[in-house]
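The block underneath contains the structure these notes are about, expressed in structure tokens.
The values are calculated or read from the model by the stated rules, or taken from the named source; none is laboratory data. Computed from a prediction, not measured in an experiment: that's the story for all the values here. Glycine gets a Cβ as well: all are built from the backbone with ideal geometry, and neighbour counts include every protein chain shown. The protein model used for the area step is the full one, side chains on, heavy atoms only, and it has no ligands, DNA or RNA in it. Shrake-Rupley method; radii C 1.70, N 1.55, O 1.52, S 1.80 Å.
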Amino acid sequence: MARTLITVPRTARRDEIIEIRALVQHSMETGYRRSSEGDLLPRDLIRRFTCRFVPRVAANSSATSTAGDLIFAATFHAAIAANPYLSFNLRATTSGTLVFSWEGDNGLAQTETVSLLVA
Amino acid sequence: MQPSTQALQKDDTQNPAMLWVKAGEALWNKPEGAAAKSCASCHGEIGRMKSVATRYPAYSSTQAKVINLSQQVNLCRVTQQQVSQWPAEHESLLGLEAAIAKESRGLPISPPTQSQLADAQTRGEALFNQRIGQVDLSCRDCHETLAGRKLGGNVIPQGHATGYPIYRLEWQSVGSLQRRLRGCMTAVRAEPYAHGASELIDLEAYLAKRAAGMKLETPGVRP
């Protein structure tokens, strides 16, 4: 499990533009470097980051979607520094859950969730 | 240091070293050993470690020698938790050291008054002034006489160890003061002392005396 540091305001006013920050601990090994013994270090990269927003479904609503809307995505390649940091913005319209996920080499598939309250 | 590097250090939501601090804070509460004791079992919440890091290196009466903060952490692991010590530069050791030192952020570096520590500072100062390596430069030559000048693309800093453990962009990870010092020795093509060597502790003790009164800024970010 990679360690993450996600920063989202706990609450936001309706239609406020909020900043979201996501830092993840990852070596982003390019596959081109060699160890001090001369062996090629195997490639280990995060390939894709996505952030989705799942609105909180009102109890009397018939909506069933839980996948949410994609609000930000990034594709990573070699030459991105270790421990990549991203920041992006969202217009907060309704309360719900932000779902962050990092996917990549060696079966990396990590998901973190943070809830957002829109008053 | 460039404004962008300073900005990275100042903002806890961007400073990559905070990933290590966070891990260290989790370890603080993790039970270890047969007695299942965590650091918190004996020391309480980590906030109680406030100002501790400003006093290290310090003389330990149980060890009868001067030790640095990471050695104290390992000491508690071995003598209190009865588990094996972490090797130098171990992620967990750096994490705990960073988490403890962060509790002293903004406080002045304050080496205690101890005769054994004073001896270590004196030995450290002699090492600091001694020319070493094929390049034949002392720490003082670079960090006092040539401070502010350039070495390759880097500005030579005054060499005040106020932010350790640091996240170094070149390392792409967190590392200890000893790793930094060994780097300076290799840079002048001198044989670096081994991790934990008494000479490195003496240098650390002198650096703390030299930086006394400056504010601790762990976790620092450096180029």
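Please work out if A:THR11 is over 12 Å from the mean Cα position of the chain (by Cα), more than 13 Å from chain B (Cβ to nearest Cβ) and not aromatic (Phe, Trp, Tyr).
The answer is yes for A:THR11.
Of all residues being open to solvent by 20 Å² or more (accessible area, probe 1.4 Å) and in contact with a Pro (Cβ under 8 Å, 6 or more places away or on another chain) in region B:160-172, which is nearest to the other protein chains (Cβ to nearest Cβ)? Just the residue, please.
If we take residues in region B:160-172 being open to solvent by 20 Å² or more (accessible area, probe 1.4 Å) and in contact with a Pro (Cβ under 8 Å, 6 or more places away or on another chain), then B:LEU169 is nearest to the other protein chains (Cβ to nearest Cβ).
Take A:PHE53 and tell me if it is surrounded by 12 or more Cβ atoms within 10 Å (Cβ to Cβ), away from every other protein chain (no Cβ under 14 Å), more than 21 Å from A:ARG3 (Cβ to Cβ) and not aliphatic (A, V, I, L, M).
In short, yes.
I'm trying to understand the selection: among the residues of region A:1-51, which are touching a Pro at 6+ places or on another chain (Cβ under 8 Å) and not in a strand (DSSP E or B)?
The answer is A:GLN25, A:HIS26, A:MET28, A:GLY31.
In the set B:SER84, B:SER92, which member is closer than 20 Å to B:TRP171 by Cα and of a type in the set (S, T, N, Q)?
B:SER92
What are the residues in region B:152-185 that are small (Gly, Ala, Ser) and either over 21 Å from B:VAL52 (Cβ atoms) or not in a strand (DSSP E or B) (or both), if any?
B:GLY152, B:GLY153, B:GLY159, B:ALA161, B:GLY163, B:SER173, B:SER176, B:GLY183
Let me spell it out: the conditions are (1) open to solvent by less than 60 Å² (accessible area, probe 1.4 Å); (2) closer than 29 Å to B:ALA23 by Cβ; (3) not hydroxyl-bearing (Ser, Thr, Tyr), and B:PRO157 meets all of them except one. Which number is the exception?
(1)
Return the pairs, sorted by first residue and then second, in which the second residue is not charged (D, E, K, R), the first residue lies in region B:32-53 and is assigned to a strand (DSSP E or B), the beta carbons are less than 7 Å apart, and the residues are 6+ apart or on different chains.
B:GLU32/B:SER38; B:GLU32/B:GLN81; B:GLU32/B:VAL83; B:LYS37/B:PRO31; B:LYS37/B:GLN80; B:LYS37/B:GLN81
Out of the residues in region B:71-97 meeting the condition of being under 22 Å from B:GLY220 (Cα atoms) and among the charged types (D, E, K, R), tell me which one is least open to solvent (accessible area, probe 1.4 Å).
B:GLU97
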